[in-house]
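The values are calculated or read from the model by the stated rules, or taken from the named source; none is laboratory data. Note that this is a predicted model, so its numbers are computed, not measured. When we count neighbours, we look across all protein chains shown, and the Cβ atoms used for this are built from the backbone with ideal geometry, even at glycine.
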Amino acid sequence: MSEVALLATPLFWLTVTLGVFEAFDTASKRSGRHPLCHPVLWATPVLIALLLTTGTPYATYRTATLPLSFLLGPAVVGLAVPIWAERLRIRRLALPIALALGAGAVTSIVSAVGILALFGAPAEILASIAPRATTTPVAMSIAGQLGGIPALAAVIVLFAGVVGAMAGTPLLNALRIRDYRARGLAMGVAAHGIGAARAFQVDATAGAMASLGMALNAVMTATLLSIVALSI
């Protein structure tokens, strides 16, 4: 098989993607999950560099990694399992969770849009960053409704998730927040799925609350920004 044919083989890029991520995840484990060793932080630019070096179109790569994209659906649904396991605790904390969720969603939108607005960013950029704390599909849909750039919204969401996962634990430690329920909810609201994955590495309860925060924040942010979209 020629080199060109090999690069066009779906199994090749699927294997490369899994191998690169596993390599950096192993490095992250050996570093004690140091914030600067987050696997997504390093695997993403390495894969981009490989695609550019080999001249592989993104469409080819996307097709090759469709199985991973498909598995995201079951993975997200699977997050309901730890939430269900914590249902009694969540029910008792319904009011504090609702208040924290509202504060987190509003703060996320206002802070991001407000800072860029002060620097004179155009409306389409503001619309693209507004849903930064939601999941990628939700952010892309909302950005489109607001007149933003869905592709840019997806990049911003990824960046926000990685930064949140990297900085979340050190920041919460510095603030001396020891309650894993609060820590997990904060990670899920601020850093969606990537933050939830990091929370699970720290504690099961934190992971469950992060999953809840991710899901509820997506709904809350989508609701708030959809209202804004309808009023434009």
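Just a few scattered comments:
- Residue among Ala43, Ala64, Ala85, Ala23 that is assigned by TED's automatic domain parsing to the domain that holds Ala218 and either of a type in the set (Val, Ile, Thr) or surrounded by 13 or more Cβ atoms within 10 Å (Cβ to Cβ) (or both): Ala85
- Those helices (runs of 4 or more DSSP H) lying entirely in the range 29-82 with at least 1 residues modelled with pLDDT under 85 and touching a Lys or Arg at 6+ places or on another chain (Cβ under 6 Å): none
- Matching residues, the range 28-72, being aliphatic (A, V, I, L, M) and more than 18 Å from Val163 (Cα to Cα): Leu47, Ile48, Ala49, Leu50, Leu51, Leu52, Ala59, Ala64, Leu66, Leu68, Leu71, Leu72
- All positions within the range 88-104 that are surrounded by 12 or more Cβ atoms within 10 Å (Cβ to Cβ) and part of a helix (DSSP H, G or I): Arg89, Ile90, Pro96, Ile97, Ala98, Ala100, Leu101, Gly102, Gly104
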